[in-house]
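Heads up: the structure comes next, in structure tokens.
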Amino acid sequence: MEQQAAHQFPVDSEIVEIKQDTTGNINKTYVVTLADAERFILQRINKTVFTQPELVMRNIRTFSEHVARKLAVAPLDKGRRWETPKVIAAQDGRDFWLDPEGEYWRALSFIPRSRSYNTPQNEVHAYEVGFGLGAFHNLISDLPAEQLADTLPGFHIAPGYLAHFDKIAASHKTEITSEVRYGLDFVEARRGLASVLEDAKAAGRLPLRPIHGDPKINNVMMDTTTGQAISIIDLDTVKPGLVHYDIGDGLRSACNPLGEETKNFDAVRFEPELAKAILSGYLEQAHHFLTPADYEYLFDSLRLIAFELGLRFFTDHLAGDVYFLADHRGHNLERALVQFALCKSIEDQESTIRKIIADAL
């Protein structure tokens, strides 16, 4: 079907190759190469996760057009390159093509001379990851959150994930292994953590803003020549939310040198020096809009997001791998144990991390 889908989007030359990219966990992604060596991204949107694909595409277009207008007036400092994936309209003018089976396909521009990494290469790279997220937030800080649809109700709402976990865990019938028992005990000991950001939002201390929703390290694209951050991709989760979800997720993913897929759980460690570099890059851009209350919840967001993602992976394992794509049975349990180990490392270094945050202000 990808062959038929690729030809639904107008291009300037013949399609010569369609190659699947297997790095994502949600959508099915292909890189389409044309005879003139140009490329574009073709994706089949996962309707199980994104139940309203039209709204997802509307959000992406709203976001990308807003950023384009801002950069046209005020480019990034020091002539930095910044690119946003552009929506390529289908031949019928819509932002997607609906195939005969009711699946949604979309095409996005390919960002040339760029690459991403699954783990931080060094502190300079970590700084650029932070700068990229800060630039992203700064560019959309004046986009009214109400202009974006909430395409994933409950996304990053940890109390909701905890309630879902309780339901799934109560119906779990298979043998409880030592790894599953560890996960159950880990979650039970941290129930009180789940509501920290939502309580602050309810109290009016943290406002809703446009967020990326999934700014993990391999979504931050680097210029292959300069090594500078030039884009953040995978915009499906752009929606109203708390910037702390993004900050916590960015730090969580970039300060774990072993990455999310390691099986060496005992060696997983949150690296404070990488966090220091990331926050330095982030705050260079984000200090324009962050409030004192925003700074107050930075550590909480970091600890919570590691716990939350571990909880989601763990719940999906117990449910039978119905949300995250898994290479094998037990894959999501392995991913959960990595995040739980990272959460524990963050807790063990709380005083160090809080000092880094204070020094970065």
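We did not get these values from a lab; they are worked out from the coordinates using the rules stated. This one's a predicted model, so the numbers in the text were calculated from it and none came from an experiment. Neighbour counts are summed over all protein chains in view; Cβ atoms, including those assigned to glycine, are modelled from backbone coordinates with ideal geometry.
Only helical runs count toward this figure. For the chain, summing -39,500 (n - 2.57) over DSSP H runs of n ≥ 4 and dividing by all residues gives -14000 deg cm²/dmol at 222 nm.
Of the trypsin sites (Lys or Arg not before Pro) found in region 215-324, those in coil by DSSP whose Cβ has at most 14 other Cβ atoms within 10 Å are Lys263. In sequence order, region 127-137 has phi-based couplings of 4, 5, 4, x, 4, x, 5, x, 5, 4, 5 Hz under the Karplus curve 6.51 cos²θ - 1.76 cosθ + 1.60, θ = phi - 60°, and Gly or Pro positions carry x.
For Lys19, a cut-off of 17 angstrom between C-alpha atoms picks up these lysines, skipping any fewer than 8 places away in its own chain: Lys28. Among the GluC sites (Glu not before Pro) found in region 166-241, those both in a DSSP coil and sparsely packed, with 14 or fewer other Cβ atoms within 10 Å of their Cβ, are Glu175. A straight Cα-to-Cα reach below 17 Å connects Lys86 with the aspartates and glutamates Asp12, Glu38, Glu54, Glu65, Asp95, Asp234, Asp236, residues fewer than 8 places away in its own chain not being considered.
Annotation: amide H-H contacts under 5 Å for Ile88 (H modelled 1.01 Å from N, sequence separation of 5 or more, or interchain): Ala107, Leu108, Ser109.
Do any GluC sites (Glu not before Pro) in region 24-129 lie in a loop, going by DSSP, with at most 12 other beta-carbon atoms within 10 Å of their beta carbon, and if so which? Spell out each step's value before the answer.
On the way: sites: Glu38, Glu54, Glu65, Glu83, Glu101, Glu103, Glu123, Glu128; in loops: Glu38, Glu83, Glu101, Glu103.
Passing both the DSSP loop test and the Cβ count: Glu101.
In order along region 28-38, phi translates into HN-Hα couplings of 8, 10, 9, 9, 9, 10, 9, 4, 8, 6, 6 Hz, rounded to whole numbers, per the Karplus curve 6.51 cos²θ - 1.76 cosθ + 1.60 with θ = phi - 60° and x for Gly and Pro. Count Lys and Arg as plus one, Asp and Glu as minus one, and take only other residues whose Cβ is under 15 Å from that of Ser253; the net charge is then -3. Note on the chain: Kirkwood radius taken over Cα pairs, Stokes-Einstein applied at 20 °C and 1.002 mPa s, translational D equal to 101 µm² s⁻¹.
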